[in-house]
């Protein structure tokens, strides 16, 4: 599954868990097999094992990061899909800042605005918005209006307004904004 698609977080949980288990099992298998067949070359066997453990540890860390956030709710997805029209969307993102990580159910980009909706209770909206503004400013998006909502009704209302005006003809700027969100997300 691709970043930005609904269900991405759930998919990455499974993928990173399976990857971590398989790589850890491969490292253990290589280590014990190597010791059995090459008892005099313990150092070489250990080095090969450690090299395999590095991607296993990375997959485990990725799994832990994704486990902290549930995938978006189906009802939110269906609600947004029913009203978004041609407005580009980015689902299931985890934005990492130097201090904390924040789950955002959906981002939309339209008419010089980046709007997000999150139902994660622990999201510090002002800090998340400031981080996003800093990141977009650093990437030459100086006039982008950024707003993250916790109330789905307000987000849906704003999305309906934007969807009514979006004809889908020129989405270059909007897709560029969402591409940066993709790069900022886990």
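Quick one: which of 101, 79 is out of contact with any strand residue (DSSP E or B) (no Cβ under 6 Å at 6 or more places or on another chain) and either modelled with pLDDT under 90 or not assigned by TED's automatic domain parsing to the domain that holds residue 35 (or both)?
On the way: 101 fails: out of contact with any strand residue (DSSP E or B) (no Cβ under 6 Å at 6 or more places or on another chain).
That would be 79, the only listed residue that is out of contact with any strand residue (DSSP E or B) (no Cβ under 6 Å at 6 or more places or on another chain) and either modelled with pLDDT under 90 or not assigned by TED's automatic domain parsing to the domain that holds residue 35 (or both).
Suppose we keep only residues that are buried (at least 17 other Cβ atoms within 10 Å of the Cβ) and part of a strand (DSSP E or B) within the stretch 82-100. Which one would you say is farthest from the chain's Cα centre (by Cα)?
In the first step, residues of the stretch 82-100 are kept if they are buried (at least 17 other Cβ atoms within 10 Å of the Cβ); the result is 84, 87-95.
With the extra rule that they be part of a strand (DSSP E or B), the set shrinks to 89-95.
Numbers: 89: 13, 90: 9, 91: 8, 92: 6, 93: 3, 94: 4, 95: 6 Å.
Among them, the one singled out is 89.
Name the residues in the stretch 118-143 that are assigned to a loop (DSSP other than H, G, I, E, B) and within 17 Å of residue 106 (Cα to Cα), would you?
Within the stretch 118-143, 118, 119, 120, 121, 122, 123, 124 meet the criteria.
Does residue 29 fit the bill of being crowded, with 17+ Cβ neighbours inside 10 Å, without any contact (Cβ under 8 Å) to a residue 40 or more places away in the chain, part of a helix (DSSP H, G or I) and not assigned by TED's automatic domain parsing to the domain that holds residue 152?
Details: crowded, with 17+ Cβ neighbours inside 10 Å: no; without any contact (Cβ under 8 Å) to a residue 40 or more places away in the chain: yes; part of a helix (DSSP H, G or I): yes; not assigned by TED's automatic domain parsing to the domain that holds residue 152: yes.
Considered against the rule, which asks whether it is crowded, with 17+ Cβ neighbours inside 10 Å, without any contact (Cβ under 8 Å) to a residue 40 or more places away in the chain, part of a helix (DSSP H, G or I) and not assigned by TED's automatic domain parsing to the domain that holds residue 152, residue 29 comes out as no.
Among the residues that make up the stretch 69-81, is at least one of them without any contact (Cβ under 8 Å) to a residue 60 or more places away in the chain and surrounded by 18 or more Cβ atoms within 10 Å (Cβ to Cβ)?
No, the conditions are met nowhere in the stretch 69-81.
Can we say residue 44 is over 15 Å from the mean Cα position of the chain (by Cα) and exposed (fewer than 14 other Cβ atoms within 10 Å of the Cβ)?
The answer is yes for residue 44.
Return yes or no: is residue 125 surrounded by fewer than 18 Cβ atoms within 10 Å (Cβ to Cβ), at pLDDT 90 or above, under 21 Å from the mean Cα position of the chain (by Cα) and closer than 29 Å to residue 16 by Cβ?
yes
The values are calculated or read from the model by the stated rules, or taken from the named source; none is laboratory data. As the structure is a computational prediction, the values presented were derived from the model and not from experiment. Note that we place each Cβ from the backbone using ideal geometry, even for glycine, and neighbour counts take in every protein chain shown.
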